[in-house]
Every structure is written in structure tokens, then in C-alpha cells.
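Okay, structure first, notes after.
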Amino acid sequence: MKLTKWLRLEFRLPWIVAIGSGSVERLPEILRGIGCGSVLVVTDATIRGLLGPRVEGLLAGSFKLGFVEVSTNHQPTLDKLHVEIPWAGYDCVLGLGGGRPVDVAKYLAHKSSKPFVSVPTSISHDGFASPIVALKDDSGNPLSLFTTPPRVVVVDLQIVSKAPRRLLASGVGDLVAKVTSVADARLAVRERGEEIPESSLRLAEAAASMVVDNIGEVSSWTERGLRLLVEAGLLAGMAMSVAGSSRPCSGSEHLFSHAVDKLYPGRGGLHGEQVGVGAVISAYLHGLDWRRIKGILRRAGAPTTVSGIGLSVEEAARALVEAPRLRERYTILHKLGLGEREALEVVAATVGSEE
Ligand SMILES: [Zn+2]
């Protein structure tokens, strides 16, 4: 039998995952276990103020520690920063913070071939356990890079429980959106013969259903609810590792969000907020139960309308028309090729108002 190249499946996953109340206390033992004696902590000013002393208290005695505060995800700036860091003095990179510091740490770790330790302080999107890094390129356009998944993921639920609710609701948006990203991926398998590992799609589906099936608990932000949200993010990260791309977790709803970022820079909402609204539109286009997705977002306290992400119906419709032009990856938007008028109707019917 002749094997074609797409039948090959090869991927990396995190070695150690620790999720729980007070999990951050496990860091010294875990870091020693992976042979990391000197740690570069990548964080931002806010999180350093909040958690820096605790991390220093935990690690300073037996580890060599360095701190870098980042305020941007602009790739050329990070490439300059990468050159300035004395890498020979560090064994691993620890990303401590919300979305951005973790992404930046993942990028710096990948560039310097050091193990990456992901310590998210909120779950505002699905990146904390994934190999994907979201940056801005030279012209400020969003850039998604496939790097290396974290060697270690430590999520302290006590810390995450103190994250602003808006960030966690945004995380719900990014995770429930796997309903439509998987629908897009399956469409591409059916209609374009795209080869996507089935296991990666099952993982992404499981991530979405963990949130959907448990939305009462998740949106009351109990410890169990938060753990379910974190576990869903972990499954989504694994889905992307298995697929070798963001494909299972990023479809038309993400293209809509990227188009919003591109057309209305500095406006719009958080990533997961935009993606959630995009998922309502995509679910409608796929003939799925879009009202259910809207209901999930509402319960989590995430925006369910375009005005909730700071846009008018006309502006959102323009983004919907622009979305499929941003990437060739086949989705329902590529299939339908919506014109301005159709886009307006779709946006008004689904996310134009609360109803
Ligand atoms: Zn996302």
C-alpha cells in the first residue's frame, strides 16, 4: 500500500498539566522536574505588580530568575527584544499573565528553542495551551504563527477566579465558537477534500460542548465552572497541536473577528467577544442552532450583538464581506460569497439586536 504524505500524523503535546486551587505552588517542583534551574518570567506591568512578589517568593531561593515586562505583541519589537535577552543564562521561559504575556513568552521560547511554561492568570481565549501565537506584523496586521506547545501548563484556579469577569466571558466566546470552526473544517473536508485529523476535530468539539453543556456552572464562575472552562481551553490547545494548525479552532467566526480588527483598529471588543458574535452569524449560515450560541454568550455575560462589540450593523456587515478575503482557508463564508446586502440582512437578523 502506498502511503501519501497527508496520512502522517505527528504532533507534540504538553508534558505536564497542573490545574487546581493553589497550583502555582507546584511550580518549584515542576520546574526542577523539567531541569529548569534559571527561569525568564515574561509578564506585563499589571500582573507583575499583582503576582510578581508571590512568584519571586516561591522561586527566588532555588532558581535564578529574570523578569521581562511586555506591553506589545508587535513582532518586529519582539524580535528586537529577543536579540537583547542573554539566552545562555536561561533554561526556560515562563509566561505569566492574560493572553498577551503568554503569547509573547511562547513566541520568545520558540525562537530561542527553550521550554515554555504557561501560567495563565485568566482564560480570555484558547491560547494558553496551544502552539499558536497571535502577533501583529510590521503593518499592524494580525499574524498567527504555529510554534511549539507549552512544555508545562499550570493554571491556578484561585488566581483565575480573580480575573475580571469580562475576560472570562470572552474565553467562553472563544470556546463556544469551536461549534462553528469545526463546522467550517468539516465543510472543507467534505467539499474541498482538506485533510484534517479527525481526532483534532473531536477535541475541538469536546472543548465547545464542555462549555455549552455546563454553562450554568461555568457562568456562575464556581471553582468547578472555572475548571471546566480551563479544561475546555486545554482541549482546544491540544486540538491545534494535533492538527498542526489552528484549523479545528479557527473558522469563519475568527475571520469575522480578524476583519473587525483590520477594518476598525482600536475599536471592537476583546478577541473572544468578537469571535462569539461571529460564531452566532456563522452558526446561522451553517444552518445550526445560532440562538443557542447566543443564549450561551448571554448567560456568560459576553456580548451577543454587534453594538456589544462597538459596531453598527453596517460596519459589522462590511467586516463579514471582507472576512473571507483575509485567508484562503475554506469556510462557509467562502462557499456563500455574501454580497453587501445579504451580509446586512444576516447581521441584522442574528446579532443586530438582543432578540
Ligand atoms: Zn480564538
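General observations
- Listed by position, the strands (runs of 3 or more DSSP E) enclosed by region 1-70 include none that has at least 3 residues that are on the phi > 0 side of the Ramachandran plot and either in contact (Cβ under 8 Å) with a residue 24 or more places away in the chain or of a type in the set (Ser, Thr, Tyr) (or both).
- Top-ranked residue in region 270-322 [being assigned to a loop (DSSP other than H, G, I, E, B) and polar (S, T, N, Q); ranked as nearest to the ligand (Cβ to nearest atom)]: THR304
- Only one of VAL182, VAL154, VAL172, VAL189 that is more than 16 Å from the ligand (Cβ to nearest atom), assigned by TED's automatic domain parsing to the domain that holds ARG299 and aliphatic (A, V, I, L, M): VAL189
- Screening region 139-223 for helices (runs of 4 or more DSSP H) wholly inside it with 2 or more residues that are crowded, with 24+ Cβ neighbours inside 10 Å returns the ranges 165-176, 178-192, 198-213.
- Scoring ALA129 on the criteria (1) assigned to a loop (DSSP other than H, G, I, E, B); (2) out of contact with any strand residue (DSSP E or B) (no Cβ under 6 Å at 6 or more places or on another chain); (3) within 16 Å of the ligand (Cβ to nearest atom) leaves a single failure, condition (2).
- Of note, ARG267 satisfies the criterion of being in a loop (DSSP other than H, G, I, E, B) and within 21 Å of the chain's Cα centre (by Cα).
- Residues that are surrounded by 23 or more Cβ atoms within 10 Å (Cβ to Cβ) and more than 12 Å from the ligand (Cβ to nearest atom) within region 248-267 comprise SER252, ALA259, VAL260, listed in sequence order.
The values are calculated or read from the model by the stated rules, or taken from the named source; none is laboratory data. Nothing here was measured: the structure is a model prediction, and the numbers come from that model. For neighbour counting, all protein chains shown are included, and Cβ atoms are generated from backbone atoms with ideal geometry for every residue, glycine included.
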